[in-house]
Amino acid sequence: MDYTELVNHMSLREQARLVTGADFWHTWSAVKYGLPSIMVSDGPNGLRKEENHKAIKAICFPSATALAASFDRGVLAHVGKTVANECKAKRVSVLLGPGINIKRSPLCGRNFEYYSEDPVLAGELGAAFINAVQAEGVGTSIKHFAANSTESRRMVSNSLVDDRALREIYLRGFEIAVKKAQPWTIMLAYNKLNGTYCTENSWLIENVLRGEWGFKGLTVSDWIATNNRVESLHCGLDLEMPGSGYANVRKIAKAFRKGELDANDLSVAAYKVAELVNKAKPTLKTPAPEFDYKADHDVARMAAEQCPVLLKNNGILPVNENMEIAIIGERALKPMYQGYGSSQINSYDVVSVTDAFAKTGKHTEYARGYDIKKPDEVDTKLISDAVAKAMKAQVALVFVSCAEIDVCEGADRKSLALPKSQVALIEAVCAANPDTAVIVTSGSSIEMPWADKPAAIMQTYLLGEAQGQALYNLLTGKVSPSGKLPETYPMSLSDTPCLDDYTTGKDNNLIYRESIYVGYRYYEKANVPVLFPFGHGLSYTKFDYSNLTLSKSSITPDEKVTLTFNIANSGSFSAAETAQVYVGLKDSLVYRAKKELKDFAKVYINAGSSQTVTIELDRSAFEYYSPTLRAWVVEPGTYDIMVGASSADIRLTATIDVKSDEANGEIDYRDATPKYWNADIKNVDEEDFVDIFGSYPSEFVGDKSDDRITSANCLDDLWDNKIGAKILPFLETYMGLFFENDPAMYAVVYNSMMTVPFKRFVAATHGAVSDPMVDAIVHFFNSGSILESLMVAAAGIPESIMNIGEPVLRDFIEKRARG
C-alpha cells in the first residue's frame with residue numbers, strides 16, 4: 001500500500017493527531033483512511049495490559065537478566081513467541097520491549113530489565129526475542145535508546161559519552177538488534193545524550209539509526225519523554241506517547257503556520273505511524289485466539305530452568321529428595337520473582353519453592369528465618385528456629401534475596417549488600433550445618449562477603465511465576481544448572497569503575513569517565529580481582545573442550561573465519577554448556593580491553609557424548625570505532641581467538657593474522673592517553689576525560705544565568721527554593737505514609753514524580769494540565785505569590801517573560817485575567 005499517498009490526503013490536523021497518542025496506550029484511529037487504533041503494552045517478561053486501570057492476568061516469564069543468564073537464543077525465541085501469542089489474544093499490537101541498555105553499574109535499579117554488561121550478548125539475545133515476537137505478527141519496541149543506564153533523575157540527566165564508548169558499548173547492542181531483526185519500533189530514552197535530548201537528537205535518529213543502520217521502523221518516545229514536540233518531529237521522532245490531548249496537535253499546527261515546521265517532517269512521521277498500524281491490521285482482523293494459561297506457564301517453567309547460575313558447589317547439590325532437608329528463608333514461601341514498575345505482571349500462577357516441594361509429598365522442615373518487611377532487623381528468635389532445624393537436617397537450603405526496593409524502575413540501589421537480616425541468617429545457618437546451600441535472588445550483581453561459608457551458592461535472578469517448580473527441578477537434579485553470569489560480580493561496590501560518576505550533580509551531567517571499560521573489560525584490564533567473572537556458571541557435570549581449528553590463518557577485513565571445536569560431556573549428567581568466544585589484540589595503537597566477547601553457542605550434550613561447535617566471525621569481531629578517522633576500523637595485527645567456559649576460564653586459544661590498512665592515520669593512544677591505555681580509571685581526571693570526549697562537562701550545564709525555576713526543572717530541583725523547601729518535606733512525608741507498607745512502590749512513584757520536568761505535566765495528564773498552568777506553577781515557585789501565579793495561568797503568558805517588578809506588565813496581566 002502507498003502510505004505516502006494516503007498521508008497526503010490527510011489534513012494538517014489529521015496528520016498532527018496521528019503522530020501523538022490517543023491516550024496512554026493507544027494510537028488515534030483514522031477510520032476514513034482505513035487506520036484503526038492499535039494498542040501497545042508493557043513487557044517483555046510477560047504481557048502487562050491494562051483494562052479499567054488494572055493489569056489483566058498473564059504469565060510472568062523470567063526477567064531480562066535471568067533470560068540473559070541462559071545465554072540461549074532459543075530460550076529467548078520460545079518466550080518471545082509465547083508472549084506474542086498472548087498479545088494477539090488480548091489485541092495488543094506492539095510489545096514494549098526488550099530493554100537492552102548496558103549494565104554500566106550494578107547500582108541501576110532497572111538492571112533486572114536489561115540483559116547484560118556486554119553489547120554482543122545483549123544485541124544477540126534481543127534480536128532473537130524480536131524476531132520471534134514479530135514472526136507472529138506482533139511488533140516490538142526495543143528500548144531505551146540510548147545511553148540510559150541510570151534511574152535517578154532519568155528525565156533530566158545528560159549522559160556525556162565519548163565516541164568510542166558510545167559506538168562500541170552503548171549503541172552496539174542496538175545496532176546488532178536493528179540489523180538482525182528490524183524491530184517495528186524503537187523507543188527513545190528520557191535522557192539527554194551529549195547535551196541533546198534523545199527525542200530531539202537528529203544525529204542519533206537520522207544519521208546513525210536510519211542512515212548507518214538502515215532502520216525502517218517507527219521511533220516512539222518513552223512515556224512523557226518528549227521535551228519539545230515540534231523540534232522532535234524535525235529531528236525524527238515519529239510518535240509521541242502518551243498523548244497530550246490536543247495540546248501538541250495545536251502546537252504542531254501553529255508551528256506549521258509560522259513556518260517553523262516543514263510539512264515533510266510531519267508527513268514522514270504520519271507515514272511511519274500509518275505503516276505501523278497497517279503491519280498490525282492482519283492480527284486485528286482475525287478472531288482473537290484464546291491462549292492456554294497452563295501451557296504458557298509451562299513455557300515459563302522451562303525457560304526458568306535454563307537461567308539460574310550455579311556459582312559454587314562443593315558437592316552438596318543436587319540434593320537427594322529422600323534426605324532430611326531444611327528449607328529456610330521467607331523467600332522460599334514468598335518468592336521474589338519479578339521487579340517493580342512498568343514491567344510488573346499480574347501473574348497467573350505463582351509457585352513457590354515450598355509449594356513445589358510440598359507437591360512431591362516429601363517431608364521437609366521450613367523455618368522463616370527473617371521478616372521480608374523488616375529487611376534490616378535481625379530477629380534472633382527466627383534465626384534460632386532456623387538454626388535448630390538446620391542442625392537436624394542433612395542439608396539446609398537457605399533462600400535469600402535483595403530488598404524489594406533494589407529492583408525498582410525509577411530508583412537506584414544504595415548498595416550491593418543483601419539485607420542485614422538475611423546475611424545474619426546465612427552466617428548462623430552455615431555455622432550450624434556445613435552442608436548448606438544458599439539460593440539468592442536479585443536483579444543484578446551483589447556483594448557476598450559471606451561467600452566462603454556455604455557449601456554451594458546459586459543465583460536465580462528473577463525467574464518469573466514458575467520459579468518454585470524450576471528451582472525444585474534444579475536443586476534435586478532433574479535438570480542440571482546451565483546459566484552463565486551476564487555480568488561481573490565485583491568483590492565490593494568500591495571496585496566498580498563508575499562509582500563516583502554514577503549519579504548526577506546539580507548540573508544533571510552523568511560523566512561516562514570510564515569510557516569503554518565497562519564490566520569485565522575494566523576488571524581484567526585494570527587487574528581488579530572479582531568475586532565471580534562474566535560468563536561464569538557451573539554444572540552438575542564436567543565439560544572438556546578440544547580441537548580448536550580456524551578455517552584460515554590470515555584474513556582481510558572483508559573476509560570471514562570459521563571456528564570449530566569439540567565439547568565433550570565427561571560426567572554423569574546430561575546437560576547444556578555455553579561456549580564463549582573472545583577476541584583480543586595485545587599490540588594495538590588504541591586502548592582496548594584484554595578481550596571482548598564476540599559470539600557464543602549453547603549446546604545440550606548427553607552424558608558421555610560430545611558435540612562439534614561451529615562459529616563464524618566477520619569483521620565486527622576485530623573492529624573498533626576510531627574517533628580520529630570517524631569510522632569503524634580493523635587494525636592490522638595478530639589477534640588471539642579464545643574459547644572459554646567464562647571470561648576467566650579460557651579452554652582453547654588460537655591466533656589469526658589480520659591484514660588491513662584501515663588504521664592508517666590513527667594516533668598512538670599509548671602516549672596520548674596513558675591512563676586509559678592502562679585502564680587507570682580511578683585516577684582519570686577532567687583533563688584526561690576531555691582528551692577523549694573533546695569538551696569540558698561544564699560546557700553542558702545550560703544557559704541559565706540565575707537560580708530562577710523554569711519549566712525544564714522538576715520538583716527535585718526545589719529543595720533549595722524558598723517555597724519548595726516548605727512544600728517538599730510535607731509531600732515526602734505524605735507519600736511515605738501513603739505507601740507505608742510498600743517501600744518499593746513508594747520508590748517507583750515518588751522518584752518518578754519528583755523528576756518529571758514541569759513542562760511534561762501536560763503529556764503526563766493527557767492535557768488536563770495546560771501550558772498556562774505549568775507557567776503558573778513555575779511562577780509560583782519563583783515569586784511565592786499565589787495570586788500572581790493564578791494571573792499568569794489566566795492570562796496565558798509564559799512565565800519566562802514575567803518581570804514582577806514592572807507595574808505596566810502587572811497591570812496588563814490583571815486586565816487580561818479579568819476579561
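Here are a few things to note about the model shown:
- Within segment 138-167, residues that are open to solvent by 10 Å² or more (accessible area, probe 1.4 Å) have Cβ atoms under 7 Å from residues that are assigned to a helix (DSSP H, G or I) and not aliphatic (A, V, I, L, M) in these pairs: Arg153/Asp716, counting only partners at least 6 apart in sequence or on another chain.
- Selection within segment 200-231 - buried (at least 20 other Cβ atoms within 10 Å of the Cβ) and under 25 Å from Tyr696 (Cβ atoms): Glu200, Asn201, Leu204, Val208, Asn227
- Qualifying positions in segment 327-384 - open to solvent by 40 Å² or more (accessible area, probe 1.4 Å), in a helix (DSSP H, G or I) and of a type outside the set (D, E, K, R): Ala358, Thr380, Ser384
- A single entry from Glu427, Glu465, Glu409 fulfils the requirement of being surrounded by fewer than 24 Cβ atoms within 10 Å (Cβ to Cβ), in contact with a Phe, Trp or Tyr (Cβ under 9 Å, 6 or more places away or on another chain), more than 22 Å from Leu311 (Cβ to Cβ) and not hydroxyl-bearing (Ser, Thr, Tyr): Glu409.
- Some residue of segment 777-784 being modelled with pLDDT under 80 and surrounded by fewer than 17 Cβ atoms within 10 Å (Cβ to Cβ): yes
- When Lys294, Lys285 are screened for being more than 30 Å from Lys180 (Cβ to Cβ) and either open to solvent by 10 Å² or more (accessible area, probe 1.4 Å) or without any contact (Cβ under 8 Å) to a residue 60 or more places away in the chain (or both), only Lys294 passes.
- First in segment 415-439 and in contact (Cβ under 8 Å) with a residue 24 or more places away in the chain, second anywhere and in a loop (DSSP other than H, G, I, E, B) and of a type in the set (Ser, Thr, Tyr), Cβ under 7 Å, 6 or more apart: Leu416/Ser445; Ser421/Tyr370; Gln422/Tyr370; Leu425/Tyr370; Ile439/Thr460
- Residue identified as buried (at least 22 other Cβ atoms within 10 Å of the Cβ) and either in a loop (DSSP other than H, G, I, E, B) or on the phi > 0 side of the Ramachandran plot (or both) among Arg521, Arg513: Arg513
- Residues in segment 676-694 that are open to solvent by 60 Å² or more (accessible area, probe 1.4 Å) and either of a type in the set (Lys, Arg) or closer than 20 Å to Asp640 by Cα (or both): Asn678, Lys682.
- Single residue of Arg651, Arg619, Arg592 found to be surrounded by fewer than 19 Cβ atoms within 10 Å (Cβ to Cβ), basic (Lys, Arg), within 28 Å of the chain's Cα centre (by Cα) and modelled with pLDDT of 95 or more: Arg619
- Among the candidates Cys235, Cys307, residue that is buried (at least 24 other Cβ atoms within 10 Å of the Cβ), under 30 Å from the mean Cα position of the chain (by Cα) and either among the hydroxyl-bearing types (Ser, Thr, Tyr) or farther than 30 Å from Tyr750 by Cβ (or both): Cys307
- Here Arg250 clears all of (1) surrounded by fewer than 20 Cβ atoms within 10 Å (Cβ to Cβ); (2) in contact with a Lys or Arg (Cβ under 6 Å, 6 or more places away or on another chain) except the condition numbered (2).
The values are calculated or read from the model by the stated rules, or taken from the named source; none is laboratory data. Keep in mind the model is a prediction, meaning the values are calculated, not measured. Backbone-built Cβ (ideal geometry, glycine too); neighbour counts: all protein chains shown. Remember, those area values only see protein heavy atoms, side chains included, never the ligands or the DNA or RNA. Shrake-Rupley method; radii C 1.70, N 1.55, O 1.52, S 1.80 Å.
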